[in-house]
Amino acid sequence: LSGRQVFVLDPMLATGHTLAASIDYVLERGARDVTAVCLLAAPEGLRTLEQHIGERGDVAIVTAAVDERLNEHSYIVPGLGDAGDRLYGVV
């Protein structure tokens, strides 16, 4: 991935751990210009990514909105519900 722009798509950025692992994956393969696209984010997840990524690469987060917080179950509040359930028609 050296010299390439990489886009990582994650519908909802809650805790940030999944997106951090995905970004680690592409950074370890040579990417240095990464754009993460999320529909919705929580402040906690944004902080996690900022602390985790640091100066290891040029990472931009693009999101439609930042909601209030995470609840005790690490769901975004007010949120949109479970993205996987919505994607696969479970709800």
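Numbers at a glance
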{"quantity": "Accessible area per residue in Å² at 1.4 Å probe, computed on segment 18-85", "calculated": "58"}
{"quantity": "For Val8, distant residues with modelled amide H under 5 Å away", "calculated": "Thr35, Ala36, Val37"}
{"quantity": "Amide H contacts of Arg69 (H built 1.01 Å from N, under 5 Å, at least 5 apart or other chain)", "calculated": "Val77"}
{"quantity": "C-alpha center-to-center spacing [segment 1-37, segment 47-67] in angstrom", "calculated": "10"}
{"quantity": "Counting DSSP beta bridges with both ends in the chain, the antiparallel % (nearest 5)", "calculated": "10"}
{"quantity": "Nearest-ten-degree value, helix 43-53 long axis tilted from longest Cα axis of the chain", "calculated": "20"}
{"quantity": "In degrees, nearest ten, helix 17-28 long axis to first principal axis of the chain (Cα)", "calculated": "10"}
{"quantity": "Rel. contact order, % - alpha carbon contacts under 8 angstrom, at least six apart, the chain", "calculated": "29"}
{"quantity": "Net dipole in debye of the chain [+1 Lys, Arg Cβ; -1 Asp, Glu Cβ; about Cα centre; nearest 20]", "calculated": "260"}
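The values are calculated or read from the model by the stated rules, or taken from the named source; none is laboratory data. What you are looking at is a predicted structure, and each value in this text was computed from that prediction instead of being measured. Using ideal geometry, Cβ is built from the backbone for each residue, glycine included, and neighbour counts are taken over all protein chains shown. With ligands, DNA and RNA removed, areas are computed over all heavy atoms of the protein, side chains included. Shrake-Rupley method; radii C 1.70, N 1.55, O 1.52, S 1.80 Å.
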